[in-house]
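Notes follow the structure.
Read the figures in this text as sums done on the coordinates, not as results from a lab. Computed from a predicted model, the values in this text were never measured in an experiment. Note: ideal-geometry Cβ built from the backbone for every residue, glycine included; neighbour counts use all protein chains shown.
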Amino acid sequence: MTDAITRARAGSGEAFQELTEPYRRELLVHCYRMLGSIQDAEDILQETLLAAWQSLHGYEGRASLRTWLYRIATNRCLNARRSASRRPAKEWDVPNVERPEPTRLGEVVWLEPIPDVLLGPEDRYEQSESVSLAFVTALQTLPPRQVAVLILRDVLGFHAAEVAEMLDRSVESVKSALKRARAALPAPPVATAPAAEEAVVAQFVDAWQSADVEALVALLTDDVFMSMPPMPFEYEGRDAVARFCAAIFGAGRRFDLVPTRANGQPAFGAYVHGPDGVSHGTGLYVLTVDGGRISALTRFESGILARFGMPRSI
């Protein structure tokens, strides 16, 4: 590594890439957790690498290169969260469907899913909850510094002293921020065995593609939650979600679902049948399976399909 640093300081882009490439994926996921948007995360990752390239002469080696990169990325994310004007909420725009009155209006309308192919093995298996939509959404509602401390300590495993140095704070303030952040997080879903999850997901696909509201509702928890960023409309509880689905299917909309995975969770590209016999991409659905039932359904705009390698129509 010392040789690569020397060459990079001398202006070798190849050497700099050699130094930073092993950390690119995990830095992207870190920025995603901080910001809740894969698009914003990619932008901040590029800013981080540019800043690292420009300040490499100032890297003294007191901390590992990985820690130094995380310090840059975290502080860039904090700046973005303080100053960014988040993408605005979007009006209801589903043609020929009159939406029922929502339970409430959501605040985190900039939320985006991250494809599982961008996650590392540790994100998909050992720490899958740390990339779940519920966790990432909760992070967006916390004060930025608490978010940084929680991720650096509990998800990434940095010591309190390391985090304090990264954020230019005292160890005591880091411990205090971590305590407050932990208290604000929702309880994680009850683990579901892979086979049981597959069975529930298969039943969901059958119910959704056949527009069977009764079969769909039977798969839901009593407190199921449905959201659809960047539209702020949210529905909580079986009855509310049932009314929403009935409105969608009652308008004659029929779908094909193409499986994928996002945030460590089952997901589907949704394609609505067209009069020309072609199904057109209308969104991405991400399911949260909790104890063998579906506890959350999040619908994203069709523009996200390309990130999952899905076509605009099938």
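Points worth noting:
- Residue among A215, T48, A306 farthest towards the positive dipole end of the chain, charges placed on Cβ: T48
- Remark: region 1-80 carries a charge dipole of roughly 260 debye about the Cα centre, counting +1 on each Lys and Arg Cβ and -1 on each Asp and Glu Cβ.
- Neighbour-count ranking [beta-carbon atoms within 10 angstrom, fewest first] of L297, L150: L297, L150
- Per-residue Cβ neighbour rank within 10 angstrom, fewest leading, W92, W68, W208: W92, W68, W208
- Paramagnetic reach from R99 (point 7 Å along Cα→Cβ, amide N under 12 Å) across region 266-303: 299-301
- FRET efficiency for K175 and V217, using Cβ-Cβ distance with R0 set to 35 Å, rounded to 0.05: 0.20
- Ascending count of other beta-carbon atoms within 10 Å, so fewest first, for S128, S176: S176, S128
- Estimated FRET transfer efficiency when R0 is 22 angstrom, pair L50-D3 (beta carbons, to 0.05): 0.45
- Extension gain from A306 to H273, taking 0.36 nm per residue of separation minus the Cα-Cα distance: 10.0 nm
- Nearest 10 degrees, 0 to 90: helix 13-35 Cα axis against the chain principal axis: 50 degrees
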